1. Taking every DSSP beta bridge with both residues inside the stretch 1-126, roughly what % is antiparallel (nearest 5)?
2. Compute from the Cα atoms of the stretch 101-221 the Rg and the Dmax, the latter being the longest Cα-Cα distance, and quote both in angstrom.
3. Please give the net charge around His180, taking every other residue with its beta carbon less than 13 angstrom from that of His180, where Lys and Arg add +1 and Asp and Glu add -1.
4. Suppose R0 equals 30 Å; then what is the FRET efficiency for Met145 and Phe251 from their Cβ-Cβ distance, rounded to the nearest 0.05?
5. In the stretch 50-148, carbon and sulfur make up what percent of the accessible area (probe 1.4 Å)?
6. Per residue, what accessible area does the stretch 201-263 have, given a 1.4 Å probe and all protein chains present, in Å²?
7. Over the chain, what is the relative contact order in whole percent, taking alpha-carbon pairs under 8 Å and six or more residues apart?
8. Treating only the Cβ of Lys, Arg, Asp and Glu as charged (+1, +1, -1, -1), what charge dipole size does the chain show about its Cα centre? Round to the nearest 20 debye.
Amino acid sequence: MLRDRYGRSIEYLRLSVTDRCDLRCSYCIPKGFKGFEEPAHWLTFDEIERLVAAFARLGTRRLRLTGGEPLLRRHLAELAGRLSSLPGIDDLSLSTNATRLAHHADALRAAGVSRINVSLDSLDRACMQQITGRDSLGMILDGIMAGKAAGFDPIKINMVALRGVNEHQIDAMVAFCIEHQFVLRLIEAMPMGATGRDATWLDLGPIERHLRRHFGLVHQPDTLGGGPARYLATPDGRTSVGFITPMSQHFCADCNRVRLSVDGTLYLCLGQEDKVELRPLLRGGASDAELEQAIRAAIELKPEKHEFREQPDKIIRFMSQTGG
């Protein structure tokens with residue numbers, strides 16, 4: 001098992017297959033941005049499979065495909081099938097904005113993707129157009145329902161809570177997720193790049209107290225996966241609402257993940273610059289043992305915590321460049 005210098009077990013890899021996206025969410029990629037990674041620098045499927053296999057040999061059990069929007073990467077279901085069959089990978093999931101999920105849900109499920117997280121910040125069409133930069137709500141809802149029909153379980157809805165933008169729509173989102181038995185996760189916006197710093201983050205503490213009263217939610221000890229959310233459950237236990245609070249109540253002491261960008265850069269923390277470039281090793285003829293040693297050495301660089309509150313201007317890269 002990989003352990004960092006603070007004793008944390010690192011058993012979760014978030015793998016970005018592209019930094020591109022078909023939306024321009026106001027807290028993520030700025031409108032008009034063109035500084036995407038050159039395709040020649042993207043890891044190939046063979047390179048991805050080799051790296052993930054190395055992580056798996058070192059104890060990584062959870063793997064999430066991310067982006068950008070991962071469904072923009074051609075033949076993603078083929079890659080998912082290759083990764084899900086690797087020894088040691090017990091859990092393969094996908095983060096998506098779902099605009100294209102209706103066309104790919106069945107193939108991804110057949111390839112071994114078991115769970116999906118979908119970004120959906122509002123059920124109001126105009127609000128979603130304001131946040132995402134296009135009329136996206138219908139496509140996203142179609143994708144979510146296609147995912148439900150394909151058998152993904154659970155389906156988690158990720159809602160970034162933005163003060164003055166969508167905070168008044170949280171109750172409606174909770175009711176929607178209860179109706180369809182989706183897991184809702186409310187997320188505080190992080191100052192990743194200029195767009196992230198411009199987003200007005202919302203302290204979820206008062207929201208949590210309101211939802212406890214309004215929906216009768218109760219504490220749920222289960223973590224529902226390898227993520228950082230704290231969960232409340234509906235009284236009947238059929239669905240849950242999670243709270244991801246990197247700004248008001250960070251969870252760094254329990255961090256169990258690292259992120260691999262589309263160009264093979266291993267980021268050790270969202271809120272720090274610590275990173276190791278693995279692509280040169282892959283393309284320079286490194287052996288499997290050398291790859292594993294490089295991964296072990298990288299984990300030693302993982303910092304104790306982020307500094308989003310203390311140094312909000314520190315991280316200039318956008319979320320899509322790191323991998324969600």
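The values are calculated or read from the model by the stated rules, or taken from the named source; none is laboratory data. Quick caveat: nothing in here was measured; it's all calculated off a predicted structure. Cβ atoms come from the backbone with ideal geometry, glycine included; neighbour counts cover every protein chain shown. Just the protein is used for accessible areas: all its heavy atoms, side chains included, with ligands, DNA and RNA removed. Shrake-Rupley method; radii C 1.70, N 1.55, O 1.52, S 1.80 Å.
1. Details: 1 of 14 bridges.
About 5 percent, rounded to the nearest 5.
2. Cα only, the stretch 101-221: 15.2, 41 Å (Rg, Dmax).
3. Numbers: positive: Lys148, Lys156, Arg238; negative: Asp153, Glu179.
Residues close to His180 contribute a combined charge of +1.
4. Values: r = 31 Å, r/R0 = 1.04.
Efficiency computed from Cβ-Cβ geometry: 0.45.
5. Values: 1730 of 3680 Å².
Looking at the stretch 50-148 in its full context, I get 47 percent from C and S.
6. Values: 2870 Å² over 63 residues.
Per-residue value: 46 Å².
7. Values: 667 pairs, mean separation 72.0, N = 324.
So the answer I get is 22 percent.
8. Values: 42 positive and 41 negative charges, 25 e Å.
In debye, rounded to 20, the chain gives about 120.
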